[in-house]
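One structure is given below, encoded as structure tokens.
The values are calculated or read from the model by the stated rules, or taken from the named source; none is laboratory data. Quick caveat: nothing in here was measured; it's all calculated off a predicted structure. Neighbour counts are summed over all protein chains in view; Cβ atoms, including those assigned to glycine, are modelled from backbone coordinates with ideal geometry. Accessible surface is based on the protein model in full, side chains and every heavy atom, while ligands, DNA and RNA are left aside. Shrake-Rupley method; radii C 1.70, N 1.55, O 1.52, S 1.80 Å.
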Amino acid sequence: MRIAAGVTTAPRRVDYLPETLKSLEAGGFSHCRIFDDPDKHGPWPNLKFAMHELLCDEDADAVAVFQDDIRVSRGLRRWLEDARWGAGKRQIGVVSPYCAKPHQFNRS
């Protein structure tokens, strides 16, 4: 499976982008397009632009868009590629692997 990946970013007081890119690389996303919003149009127009551009990649089977202030689990890409989604991969519109901090540990 080929996943076209991108990161949306905007000017901030703290630049999280370098740490985000390191995290994405550890997660298996070594090539991400950066979608910057220097004119501060806002997150929604930037997300729409990123999705449009990534969806134009005819070789991609899926699209992943990340924000510039996240961290992902090591091996996320492999997990996404191997997951059994219940429906055929072509029938799924959106997958959100988000996990809030209170749920990041095992409760056994």
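The table for this structure:
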read-out: Within the stretch 1-34, tally of residues that are open to solvent by less than 20 Å² (accessible area, probe 1.4 Å), over 12 Å from residue 70 (Cα atoms) and not in a strand (DSSP E or B); value: 1
read-out: Yes/no for residue 37 being exposed (fewer than 14 other Cβ atoms within 10 Å of the Cβ), of a type in the set (D, E, K, R) and either more than 20 Å from residue 77 (Cβ to Cβ) or touching a helix residue (DSSP H, G or I) at 6+ places or on another chain (Cβ under 7 Å) (or both); value: no
read-out: Restricting the stretch 45-65 to residues that are among the acidic types (Asp, Glu) and in contact with a Lys or Arg (Cβ under 6 Å, 6 or more places away or on another chain), the residue that is least open to solvent (accessible area, probe 1.4 Å); value: 61
read-out: In the stretch 4-26, the residues that are hydrophobic (A, V, I, L, M, F, W, C) and more than 14 Å from residue 50 (Cα to Cα); value: 14, 17, 21, 24, 26
read-out: Filtered residues of the stretch 10-34 (kept if in contact (Cβ under 8 Å) with a residue 24 or more places away in the chain and within 12 Å of the chain's Cα centre (by Cα)); value: 20, 23, 24, 27, 28, 29, 31, 32, 33, 34
read-out: Tally, over the stretch 58-83, of residues that are aromatic (Phe, Trp, Tyr) and under 19 Å from residue 18 (Cβ atoms); value: 1
read-out: Total residues in the stretch 35-44, condition at pLDDT 90 or above and either assigned to a loop (DSSP other than H, G, I, E, B) or of a type outside the set (A, V, I, L, M, F, W, C) (or both); value: 1
read-out: Single residue of the stretch 70-81 satisfying the filter (more than 11 Å from the chain's Cα centre (by Cα) and free of Cβ contacts under 8 Å to residues at least 60 places away in the same chain) that is least open to solvent (accessible area, probe 1.4 Å); value: 75
